[in-house]
Amino acid sequence: LLAAKMDRFIDPCSNYCAVHPTIRVGLKNGTFYDQNSARNRYGYRNESRRRRPRPRQWLYIRSLQLDMPTVCDLPPGIEVDLSGRNIILAEDESANMVQWYLSPFNNSRNQRGIVTRSGTTNLAAHAIAANMPRHHNGFYGAWTENGTLVGELGRTKGKAVLTRNGRPSLHLAIRRFWQNHPRGFAVARDQDNRSATLSFLMFPEGGRWPETLEAFQAGTYQFEGGRRKTASLLFGAESDQDAGPQTRMLDAPLRALAPVVWYRDTGTVFPLAEAGQAPRVSDERLAEAFDRYDRTQRAKVIRDAGDPAATYGPFKENRYDKVSIPYLLERHPEVFTGWMNFGDLVWDFGYCSLHYDWPYSMLIHGLRLGDRVFLDVAEDMARHRHDIDQYHVEDTAPWLGGFQRFEKGEHGHISRQEPVRGRNLHWEANARPSHTWNRGLLLHWALTGDPRSLDAAEQNGRAYRRFFYDQHKLHEKETLPWREFRTPGWAIENWLALHEYTGKPEYLEWAQEIFEKSLLAMEQENGGIGHILPEGRQDAQQVAYTIEPVCRLHHHTGRDDILGYLQRTLDWHREAGTARGFEKDGAYWPLLWREHWTDRELTLKDTPMHEWSQTFSWLFADGYAYLYRMHGREADLEIARRAFTDSALYFGMIRVSDPDARHRLGYHWGGTPYGYTPKVQGLNGRYGLLYLHMDAGEENP
């Protein structure tokens, strides 16, 4: 449950001192808690619903810290800087600094269905425990010397320096320190007064999770089984120079990147459309769409690149001006910071667990556009993805173990969990194969070498293997119909990503087998005319999610049956599942897709508008563009260009009264950064690149 690893330790000179890191854990009564404990109200349900249930497991701890005792002669009064406050330690003295955040009673997520009252911190009790004024709210760093509070400030930096004889001796710096509050440092002279121990308080005593009165009274952090929390730190012994540049690199590490054309032309990252490209044809609106696609991506992370949030769509209130993801961190720290939440995004149903592969979207556009902020946001997201958003349990039910956590959760904060059918549930929805992505993890591993990302991605690959082969006996069957057929589509995507980044051939073999026995077999059983489901009642969402995995599978294999399946499916959908862009009553209606299927014969006029969507145009544009490059059919290119152009210009605008109007750029949709924003903005970042790759420049890439 707890592990520590130091990849490299910088030993000081032999004439100075030696350092021996140790981990110290404060357990609550020295016990682990399972589902039979009176206080256990968090976590998944029993992993097997009916037979042989395994109890949920939680670890309740009071603190976790890394101690670094020094073995050397120290002067009687050593100076220590704990994140901005200098302290002189005489004999038998100690000091610590902890970065806290006191949550307000209500945060920015006052949305329908979410319980807020029972999920807030008891401010008075917290203030008394921390010896803080009761009116205190927000970030503060509390300094204690010899057990007495001596001061406080706001946000503090994650750096501690021990100075000996006027020279910096020991440096300890922590990545994303205040963002992962509560965290802290401590220093104490040892009993012999010749040495001192410098400590990183990863989870300082007095903190708690979740932010409920119950957790506060228990005085514990509650760790759900299957989650991880890791930290990156820089520890060095520098007697003659300042380690400032090195410590600053924790939050802004150097990146060794090749030119984007190298990644594209070598096929190392596919598809990878170069930024600033023009379409192959002279078309003013299409050229504008190319430009707006890149601007749409930049506006998600660079606030000044965006527009004020508008109020079109289902939302009536506009509380925001320009919005970017880093801006949300500053404006709403009560939602986006904290050791469990930092790096994730929020939508209508809770934290989204970075669904639809946000780390990949950030990394791919960081490569394309060259803006450093993409890579920084991607780094924070990747860490959350491989720690918190991954279910690190594999010896369990095949439909659960090793998958990505579901998109409608609160990281274990069940008091804020959305009620289901009017009831508050004491568990979160299970991780599942229909909502698991690993390409972003693998690209992060390839660019940084972070083994935690590779580990989580390979867990996902094994999870799909167990799910389809062990549970559903794929290898023993001729066909495996799957009505929610995006699930085999995601299996293909996960296995192909692992094949591309690790080179192991078995992943490509598994991807071909699940395609043959599921997607292709279903389409053939229903007439071989593009009907994946009987009577062609598949909706745009399910079809859209399978498009890129099938294109990618053909890209790797060149198999005619894969391309034929893609052509028949998209041919059918173009004729039966779209309302192509048209003008009506003085307004322009962008290209729409039948998202929910009721009656195939209904027209746009007869079908309720909530059954039509523009959201999936980016994904269909990729598929039709790929078909065009394979067959050269103008009908495929025409609908691909229309889908891409309408989305780039009118994204989120179902009906456009002024054709010169444009959707607002930024991390918002319908006037809010919550709602469905992380889904729709995730999709337009994850997709559209295959189309750009196919329809840009004078020559075929």
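The values are calculated or read from the model by the stated rules, or taken from the named source; none is laboratory data. None of the values given here were measured: they were computed from a predicted structure. Cβ coordinates were reconstructed from backbone atoms using ideal geometry, including for glycine residues, and neighbour counts include every protein chain displayed. With ligands, DNA and RNA removed, areas are computed over all heavy atoms of the protein, side chains included. Shrake-Rupley method; radii C 1.70, N 1.55, O 1.52, S 1.80 Å.
In whole angstrom, how far apart do the alpha carbon centroids of the range 134-211 and the range 440-509 sit?
About 42 Å separates the Cα centre of the range 134-211 from the one of the range 440-509.
Determine which aspartates and glutamates satisfy two conditions relative to residue 477: a Cα distance under 19 Å, and not lying fewer than 8 residues away in the same chain.
Residue 477 reaches 506, 509, 513, 516, 523, 525.
Over 31 Å between Cα atoms, which of 300/517; 322/408; 159/408; 229/504; 159/229 qualify?
With Cα atoms farther than 31 Å apart: 300/517; 159/408.
Can you return the aspartates and glutamates within cross-link range of residue 584? Criterion is Cα-Cα under 14 Å, with same-chain partners fewer than 8 residues away left out.
Counting by Cα, and skipping residues close in sequence, residue 584 has these aspartates and glutamates nearby: 658.
For the range 427-474, run through the trypsin sites (Lys or Arg not before Pro) and keep only the ones in DSSP coil with at most 12 other Cβ atoms within 10 Å of their Cβ.
Loop-located and lightly packed - 473.
If packing is taken as the mean number of other Cβ atoms within 10 Å per residue, what is the order of 612-625, 255-268, 516-529, highest first?
On the way: 612-625: 25.2, 255-268: 12.9, 516-529: 18.5.
Averaged packing, sorted descending, gives the order 612-625, 516-529, 255-268.
I'd like the per residue volume of the convex hull spanned by the Cα atoms of the range 374-517, given in cubic angstrom. Each step should come with its number before you reach the end.
Values: hull volume 18.0 nm³, N = 144.
Spread over its residues, the Cα hull of the range 374-517 gives 125 Å³ apiece.
Can you tell me the accessible area per residue over the range 382-473, all protein chains present, probe 1.4 angstrom, in square angstrom?
Solvent-accessible surface per residue comes out at 30 Å².
In whole percent, how big is the carbon plus sulfur part of the accessible area of the range 271-408, probe 1.4 Å, protein atoms only?
In the range 271-408, the share of accessible area belonging to carbon and sulfur is 45 percent.
Give the relative contact order (percent, whole number) for the range 468-552; include only Cα pairs under 8 Å separated by 6+ residues.
In percent, rounded to a whole number, it is 33.
From the convex hull of the Cα coordinates of the range 249-354, what is the mean projected area in square nanometres?
Values: hull surface 41.5 nm².
Convex hull of Cα atoms, orientation-averaged projection: 10.4 nm².
Quick check: convex hull over the Cα atoms of the range 310-408, volume per residue in Å³, rounded to an integer?
Each residue corresponds to 137 Å³ of Cα convex hull volume.
Could you tell me how far the Cα centroid of the range 621-659 sits from the Cα centroid of the range 535-555, in Å?
What the calculation gives is 16 Å, centre to centre.
At each listed q (0.19 Å⁻¹), what is the log10 of I(q)/I(0) that the Debye formula gives for the range 152-239 modelled as equal alpha-carbon point scatterers?
Relative scattering, expressed as log10 I(q)/I(0), comes to -1.00.
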